[in-house]
Amino acid sequence: MSRPDSAVPLLSATDLHAGFGSHAVLHGVDLEVRDGDIAGVFGLNGAGKSVTMKVLAGLVPAWSGKVEYAGRDITRLPVEDRVGLGVGNVPQGRQVFPELSVEQNLRLGAYQLRRRDKSRYAPVLEQVFQRFPVLAQRRGQAAGTLSGGEQASLAVGRALMSEPRLLLVDEPSAGLAPKIVEELFQVLADLNAGGLTILLVEQNVTFGLKLVRTAYLLRSGKVVYSGLVAELDRERVVTELGIGRLLGAARPNPDTAKRRAAPTRTITNRSPSMKNTRKPRSLGEAS
Amino acid sequence: MSAGPVSVSRRSSGTEVAPASPATPVPQSSEPVRRRPLLTPRRSNILLLLAAAILLPIVTAQAMPLAFTPTDSLVLAEAVAFAIAALALNMLTGYAGQISLGHAALLGVGAFASGLVTSKAGLPMWIGLPAAAVATGLIALVIGFPALRLRGLYLAMVTIAFGFAMYDSILRLDVFTGGSAGVELPRRIWHDTQFSDQSVMLAVALVALLAVWLLDANITRTRLGRAFRAIRENEAVAQAYGVDVARYKLVAFVLSGALAGLAGALWGHAVGFVNSESFPFDISLALIIMVVVGGLGSRVGAVIAGLAFSLFPVVLHGIAWLAGLDIMVGALLLMYTVSRHPGGFAEVIGEARERRRERRSARVQTPDDDAITIPALPRVTSLRTSTAVDPLAPVLEVENVTVRFGGLVAVDSASLRVPRGKIVGLIGPNGAGKTTLFNTISGLIRPTTGTVRLLGQDVSGLPAHRRAELGLGRTFQQIGLAKDQTMLDNLLLAQHLEAGYSTGRALAYTRGVAAAEEVMEARAREAITALGFDGREQTPVKRFSHGQQRIIEMGCALLTDPELLMLDEPSAGMAPGAVENLAVRLNDLRDSLGRTMLLIEHNVPLVLDVCDYIYVLNFGQVLAEGTPDEILAHPDVIGAYLGEAAG
Amino acid sequence: MLQALVVGLVTGAIYGLMALGLVLIYKGSRVLNFAQAEIGTACLYVAWLVSAKGHQPYLVGAGAAILTAVAIGLLFERFVVRRMTDAPRLSVAVGTIGLFTFLFAAEIYFFGPSPRYLPAPITGLGVQVAGIYVSPTQMVSFAVIAVIAGGLAAFLRLTDFGLGVVAAAQDAAAVRLVGIRLSRVSMFTWGVGAALSAVAALLIEPTISLIAPGVIGEPLFVGGLAAALLGGLSSLPGAFIGGLLVGVLSTEIQFVASGRAIPGVSSLVLFAIVAGVLLVRPQGLLGSANLRAESGS
């Protein structure tokens, strides 16, 4: 395999338009991920993060635009075929197979690998078990009985079983306690240090910006700000994400404080005659 | 009859407006303002039926022999009977969403019942037919009760079992059926007078079809039909609007059974004789095909499909070279049609209609969520007589509620209270148990231990719809609306409890029912205007964007004038600008109208801006509680849950 | 009584095969295949054509029958089921009713209502075990069913694709992420499901001794359906065990009630049991608890 050319991005998206039914969500998204980099896409709910990830993964077709991977146009390629090219997926909500054992989940993750070269299975499985000892401990247990954090490890492990070159991770922190998220992010950082290119989509900006090297900020289906995290203007991040004004409420606000200090309001607009038990008056015939 | 004070005031967008004037009784609108119309819907229905009953037999007796043989009339009469059966099944499966694959047995019950009444007891047909309807309606309860616990495929299985049991066993018992000799169904008018004219039989069937059609129409335009459709789409949402789901399911089964019995009896009288072989399982399958191909929930589709299915083989028989192949061709056509148009005729017609409407009116813009601002939320002043509720007593008290699912403890001894006129927030990470606690408060889940008190009353054992009656309103995370229904229908559904009339009156569509419907529609339209959706009331809710659906849902919840409004992640999916607007509206609801609210939220800045008191939940337990300032300063809460705000 | 047990077990195992096909298709497409038994029945006619009329050995006829069944299953999957991935399941069920109607009508059109007879593949004396007679046909049936059921179980558990089929029933979207096409899974479930139907029909034919429209299909479908429900529609082993239960129960009931006044009592009792079980435990005797949510309650 030729040495990765750092001038050519491993993954790139150009002018992506996509959505559901007739409802457009992405209005021209551009991004690229260099080989060896760890990048993140951020934005509030409704901004289009999930759809972006799904288009890049191949789960949702793009209406227009291009997705390229390792110099190859994969826009029309469905997800099943991208796996064989080295694109791994850790979906939102983990989506492990609940009634299968941990080991069976991992074996399925190696589906394409085993079709290519069965002998690689045992060493790759061993590597995954070393990285996630808890999975080795619970290898015979049904995946549905694992805790949230363990399932997250399983989902990552399953994706690693295909020996991917690029890992797409969709909202890894969703539904996990902060401590678990920190551990998970540490794993991702280690994987990246070992040469795995990672692109993640994340709702928690604080945690996410600590992990990634390059960031893309999405708003209303477009990238509004991007760059190396070290060079980003924090104030601008907050503004571009649109949480500025409400963020002010977190700091003491004289109006808010005044309102809260006021005595309980009497309710003036109800009928002054206080009758007994509440009974809905019907519009239908009363008699 | 009085409709109570109704006033929905409209606000101009964005400005603070003085609270609406105190509710004053408004005189019944129809009396002084305009004359009550002479021809109400109910009167015209009755007139129509009478006219049909008198004229149709005469007309058909004269007209049919001109072009058709008596056998043709007979075949048509049977087809009409099946159309009625299709309407009956459509009511159950298409409206209420309960699958039945045992309707053939119900047809059989009706036929045998009428047969026994007319031949064994010697009574006239016009007693036999209603008797058949009543008997079958009651028998239908046998499958109605399992429907309270089962759904979908499993319910279908029980209905198949019922059908087989009836066919193989019960209907073969001598006492009912006279053995395989069967039962006769004479067309007795009085004592020994019978009519043998096939075209008169056809007329009778047509009159019955008309009656059933009108009944069906009365169902769909009253709260009965809306309740059915709500049950079909989402039972939890139906309960939140006060629909007693169990009761309405049983009503659906009884009505559907009664009409199926009528259809079976008509068919029996047309043919003259039924035995245990007359209603095999194939007929249940044929009925389901009719209803699906016609389009689930479409009256027109059911009748057309019913007629077409019965007449199709007859028509094909006429084409000589096709003989024998007719069923095969039909089956291939069926497979083709259902794969291309799973929603049946009705779906095809509905889509064409929507395309025409879209071309005519402005294109339904899918606006940037950024652009959505709520001009105003409907400000419904009280419809209900106010209560002696102590304004200082909390509206909601939750005491040591624990919810256990098998071995998993979802909520662990949580307590909270919501004082009147305040907004209380419930925050915490995903999986903390917030939604479970919410569902326990609203009645969808029973607590394992602990009590929930609404307005001082212990409601822990009450089902959700009873709590709605007491004044609990809520929204849902996945948006609690009947998404296939129009916006107007949803706003009418929300007023289910206000409507108040009984099922019987709804079926008859009395004057009172019509008046109530009118008032509810007026309120709904005012709400639509207040929300800024003028002109879009006939659009199905699913066509709106997520943010817009949230607004519609809030409008529906407010229309019920709840004592406590529970909001489940109201800002989810909204753009920042819309969230700011939402904060303003929520504050206004509390400040101007004194609304009490409990909300689950992930958007911490919103919670801090709007709430008077906050509970933080984690791992099912209340981790911390206090005013926003106290929560901000709480050490456990900051790092863990305020990641975004900390920036 | 014990003799009836043997018959019941063999019949039950055949119902079990039918139930396996039903459950496999349900797991794959979330729909009840109303044509499940009729596919097998129609293919019996193919066997008759090849073996009786074409004077080929029994196994050749049986092979042709199974291949025809697979073809029917694959065609239906390709042209109906796959077009309806987002359609309501009730509509897909209606599609299977269409298939059932088509096959039934085709049988009548091409072969007429008069019965046909397949030459018995195995003749000869059976064995006596503890006073119970077991015929050679029964023994062979047992063996065949054991091999097929065992083979299917092994395939699903041990091969990668088989594991993928099982996983697809739990989370279809995630299965795509590991690189398995859902269309392949669907083709597998329908092809194998149809083949199971043909095998079941071939095995039950000697018991009924004739081939005629409806005569074979109905008891097979009823028995298979009851078995699938008892076992819980999500569980393949449950379906098979359910089949054995149904077979034994219905044979014993018929044995006990023969000659009594109540007509159709065995199917009545059978369905009462099924309905009862479903009401108490909606996910069936062996189904998983999370199916409870799907079933209602």
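Worth pointing out:
- C:Ala42 vs. criteria out of contact with any strand residue (DSSP E or B) (no Cβ under 7 Å at 6 or more places or on another chain), part of a helix (DSSP H, G or I), at negative phi and of a type in the set (A, V, I, L, M, F, W, C): yes
- Conditions (1) on the phi < 0 side of the Ramachandran plot; (2) touching a residue at least 60 places away in the same chain (Cβ under 8 Å); number of the one not met by B:Gly428: (1)
- Residue match in the stretch B:260-281 (condition: under 23 Å from the mean Cα position of the chain (by Cα) and closer than 21 Å to B:Leu148 by Cα): yes
For (1) closer than 19 Å to B:Cys611 by Cα; (2) in contact with a strand residue (DSSP E or B) (Cβ under 7 Å, 6 or more places away or on another chain); (3) at pLDDT 90 or above; (4) away from chain A (no Cβ under 11 Å), each residue gets a yes or a no:
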site	(1), (2), (3), (4)
B:Leu392	yes, no, no, no
B:Glu397	yes, yes, yes, yes
B:Thr402	no, yes, yes, yes
B:Ser415	yes, yes, yes, yes
B:Asn430	no, no, no, no
B:Arg453	no, yes, yes, yes
B:Pro463	no, no, yes, yes
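- Any chance B:Ala468 is without any contact (Cβ under 8 Å) to a residue 40 or more places away in the chain and either touching a Cys at 6+ places or on another chain (Cβ under 6 Å) or crowded, with 23+ Cβ neighbours inside 10 Å (or both): no
- When the stretch B:471-511 is limited to residues that are part of a strand (DSSP E or B) and within 14 Å of chain A (Cβ to nearest Cβ), the one that is surrounded by the fewest Cβ atoms within 10 Å (Cβ to Cβ) turns out to be B:Gly473.
- Test set (1) in contact (Cβ under 8 Å) with a residue 40 or more places away in the chain; (2) surrounded by fewer than 23 Cβ atoms within 10 Å (Cβ to Cβ) - B:Ser284 fails condition number: (2)
Conditions (1) of a type in the set (D, E, K, R); (2) modelled with pLDDT of 95 or more, marked per residue:
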{"residue": "C:Ala154", "(1), (2)": "no, no"}
{"residue": "C:Asp171", "(1), (2)": "yes, no"}
{"residue": "C:Ser183", "(1), (2)": "no, no"}
{"residue": "C:Val192", "(1), (2)": "no, yes"}
{"residue": "C:Ala195", "(1), (2)": "no, yes"}
{"residue": "C:Gly214", "(1), (2)": "no, no"}
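- The helices (runs of 4 or more DSSP H) found entirely in the stretch C:83-170 that carry 3 or more residues being closer than 30 Å to A:Arg94 by Cβ are C:136-158, C:160-170.
- Within the stretch A:138-150, tally of residues that are part of a helix (DSSP H, G or I) and closer than 21 Å to A:Phe185 by Cβ: 3
- The single condition among (1) under 25 Å from A:Glu32 (Cα atoms); (2) surrounded by fewer than 22 Cβ atoms within 10 Å (Cβ to Cβ); (3) within 12 Å of another protein chain (Cβ to nearest Cβ); (4) aliphatic (A, V, I, L, M) that A:Leu168 does not satisfy is (2).
- The sole residue among A:Gln137, A:Gln130, A:Gln92, A:Gln104 that is among the polar types (S, T, N, Q), surrounded by fewer than 23 Cβ atoms within 10 Å (Cβ to Cβ) and under 24 Å from A:Gly48 (Cα atoms) is A:Gln92.
- Residue within the stretch B:129-151 that is touching an Asp or Glu at 6+ places or on another chain (Cβ under 7 Å) and surrounded by fewer than 22 Cβ atoms within 10 Å (Cβ to Cβ) present: no
- One residue stands out among those in the stretch A:96-137 that are outside any helix (DSSP H, G or I), under 19 Å from C:Ile180 (Cβ atoms) and free of Cβ contacts under 8 Å to residues at least 60 places away in the same chain: the one that is farthest from the other protein chains (Cβ to nearest Cβ), which is A:Asp117.
- From B:Val584, B:Val610, B:Val604, B:Val579, residue being more than 29 Å from the chain's Cα centre (by Cα) and surrounded by fewer than 21 Cβ atoms within 10 Å (Cβ to Cβ): B:Val584
- Only residues that are within 12 Å of another protein chain (Cβ to nearest Cβ), surrounded by 18 or more Cβ atoms within 10 Å (Cβ to Cβ) and not acidic (Asp, Glu) were counted in the stretch A:181-208, giving 6.
- Checking each residue in the stretch C:170-196 for being facing chain A (nearest Cβ under 9 Å) and surrounded by 20 or more Cβ atoms within 10 Å (Cβ to Cβ) picks out C:Gln170, C:Ala174, C:Val175, C:Arg176, C:Leu177, C:Val178, C:Gly179, C:Ile180.
- Candidate set: the stretch A:48-73, residues that are farther than 19 Å from A:Glu32 by Cβ and part of a loop (DSSP other than H, G, I, E, B); chosen: the one farthest from the chain's Cα centre (by Cα): A:Trp63
- Exactly one residue among C:Leu156, C:Leu163, C:Leu152, C:Leu177 is touching a strand residue (DSSP E or B) at 6+ places or on another chain (Cβ under 7 Å) and under 20 Å from C:Ser29 (Cα atoms), and that residue is C:Leu177.
Conditions (1) crowded, with 22+ Cβ neighbours inside 10 Å; (2) away from every other protein chain (no Cβ under 14 Å); (3) in contact with a helix residue (DSSP H, G or I) (Cβ under 6 Å, 6 or more places away or on another chain), marked per residue:
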{"site": "C:Ile14", "(1), (2), (3)": "yes, yes, yes"}
{"site": "C:Gly21", "(1), (2), (3)": "yes, yes, yes"}
{"site": "C:Ile25", "(1), (2), (3)": "yes, no, yes"}
{"site": "C:Val70", "(1), (2), (3)": "no, yes, yes"}
{"site": "C:Thr85", "(1), (2), (3)": "no, no, no"}
{"site": "C:Ile97", "(1), (2), (3)": "yes, no, yes"}
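- Evaluated against (1) within 22 Å of B:Trp213 (Cα to Cα); (2) free of Cβ contacts under 8 Å to residues at least 24 places away in the same chain; (3) within 11 Å of another protein chain (Cβ to nearest Cβ), B:Leu333 falls short on exactly one condition, (1).
- Out of A:Ser101, A:Ser147, sole residue that is modelled with pLDDT of 90 or more, more than 21 Å from A:Thr197 (Cα to Cα) and outside the structural domain of A:Asp37 (by TED's automatic domain parsing): A:Ser101
Residues are listed down the side, and each one gets a yes or a no for (1) closer than 19 Å to B:Leu255 by Cα; (2) among the small types (Gly, Ala, Ser); (3) within 33 Å of the chain's Cα centre (by Cα):
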residue: B:Ser119; (1), (2), (3): no, yes, no
residue: B:Ala133; (1), (2), (3): yes, yes, yes
residue: B:Pro146; (1), (2), (3): yes, no, yes
residue: B:Leu155; (1), (2), (3): yes, no, yes
residue: B:Ala165; (1), (2), (3): no, yes, yes
residue: B:Arg172; (1), (2), (3): no, no, no
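- Filtered by the rule that a residue be in contact (Cβ under 8 Å) with a residue 24 or more places away in the chain, farther than 11 Å from B:Gly620 by Cβ and either buried (at least 17 other Cβ atoms within 10 Å of the Cβ) or not assigned by TED's automatic domain parsing to the domain that holds B:Asn618 (or both), the stretch B:400-418 gives B:Asn400, B:Leu416, B:Val418.
- Unique match (being assigned to a helix (DSSP H, G or I), touching a residue at least 24 places away in the same chain (Cβ under 8 Å) and either away from every other protein chain (no Cβ under 14 Å) or buried (at least 21 other Cβ atoms within 10 Å of the Cβ) (or both)) among B:Ala557, B:Ala514: B:Ala557
The values are calculated or read from the model by the stated rules, or taken from the named source; none is laboratory data. Because the structure is a prediction, the values reported are computed rather than measured. Every residue, glycine as well, gets a Cβ built from its backbone with ideal geometry; the counts of neighbours run over all protein chains shown.
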